[in-house]
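Below is one structure, written out as structure tokens; the observations come after it.
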Amino acid sequence: MTRLAIALTLLLAQDGVKPRYAAEQGERDKVYFEMKLSIKIEGTDQLANFVRSMHPFLSMEKLAIRAEGGAQVVSKNKRKVEYDEARVEVRYDDADHDFDFQKGQAPEDDKDKLRQMMWFLAAGGRSYTLTPAGEYTSDDPNQDHNGEAMDLFALGITRMPDDDVKEGAVYEKKWKGQRSEKNKPGRFEFVQKVTVEKVEVRDGRKVATLSSVLTGKMSAPKDPAAEEAWTKCEGKTKTVIEVDSGRVLASEGKGAVVSYFRNSADTGAKQEVKLTFSVEGKLAIR
């Protein structure tokens, strides 16, 4: 590091910065993205099998994606990630499958239903709204509360500070999620504790690294069929962002969403099920 860069970094440590995500349309950045997802269903056979039958997605045990493509702000607060090519590895119904996808080759007429699901789930890219303050909304109208939480982890979404912050500062953000379980009113109550891990100068530009612990708990009316029921999430995120432009240079996160349900059968026997979604993601500009 040159003496000038050291001096600028020392000055930044004394002066506060106020990072914000970019809001206006910008250039398309070439990005590399990888994500891993696992689904674990535990419990008594009757309830576990019932949960597994609720959606084909729940027959998936593990999923890994490695993709390259482009990301940009396409209009005010609207972002789009497109994959030029993607490699998908999935364990589904106790069997392993590999798929390679290229941009513009969506398998609409493919009779392979699993391949179709992997395209739309993993390889088709994603679009979403992200405000300068870090308020995130997926464009997927069918997304539920679990998907919302997993997106926050996998994309490293970070709520930005209200005021200027210095390196080493810690702040906390609380908000209510936008997504709920189908036909139910419950939503996550999120808490994100953010640490300003580093403020530095890279190639003459101010860059902030923000790391966080993100937790959430479903706020919902009590299920009359349950003796005990809850849904929680917990994980960590990191975002590296240019302070002046709002351009994300890298982001990552890792976390889990866990749902638990317990009641008693007519015989008095305990019935319970625990559903765990574990996800980790990493995105970097190439």
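The values are calculated or read from the model by the stated rules, or taken from the named source; none is laboratory data. All of these numbers come straight from a predicted model, not from anything done at the bench. Note that each Cβ is placed from the backbone with ideal geometry, even for glycine, and that neighbours are counted across all protein chains shown.
A few notes on this one:
- Out of 150, 117, one residue alone is at pLDDT below 95, under 24 Å from residue 40 (Cβ atoms), in contact with a strand residue (DSSP E or B) (Cβ under 9 Å, 6 or more places away or on another chain) and of a type in the set (A, V, I, L, M, F, W, C). It is 117.
- Scan the stretch 149-183 for residues that are basic (Lys, Arg) and in contact with a helix residue (DSSP H, G or I) (Cβ under 9 Å, 6 or more places away or on another chain) and the total you get is 2.
- Close contacts from the stretch 259-278, counting a first residue that is within 15 Å of residue 230 (Cβ to Cβ) and a second that is in a strand (DSSP E or B) and of a type in the set (Val, Ile, Thr), with Cβ to Cβ under 7 Å and a gap of 6+ residues or different chains, come to 259/231; 261/273; 273/41; 274/258; 275/41; 276/258; 277/39; 277/257.
- Search result, residues across the stretch 165-195 that are farther than 22 Å from residue 255 by Cα and modelled with pLDDT of 95 or more: 165, 166, 167, 168, 169
- Candidates 238, 222, 217 - the one that is in contact with a strand residue (DSSP E or B) (Cβ under 8 Å, 6 or more places away or on another chain) and at pLDDT below 95: 222
- Residue ID - surrounded by the most Cβ atoms within 10 Å (Cβ to Cβ), chosen from residues in the stretch 59-89 that are among the β-branched types (Val, Ile, Thr) and under 19 Å from the mean Cα position of the chain (by Cα): 65
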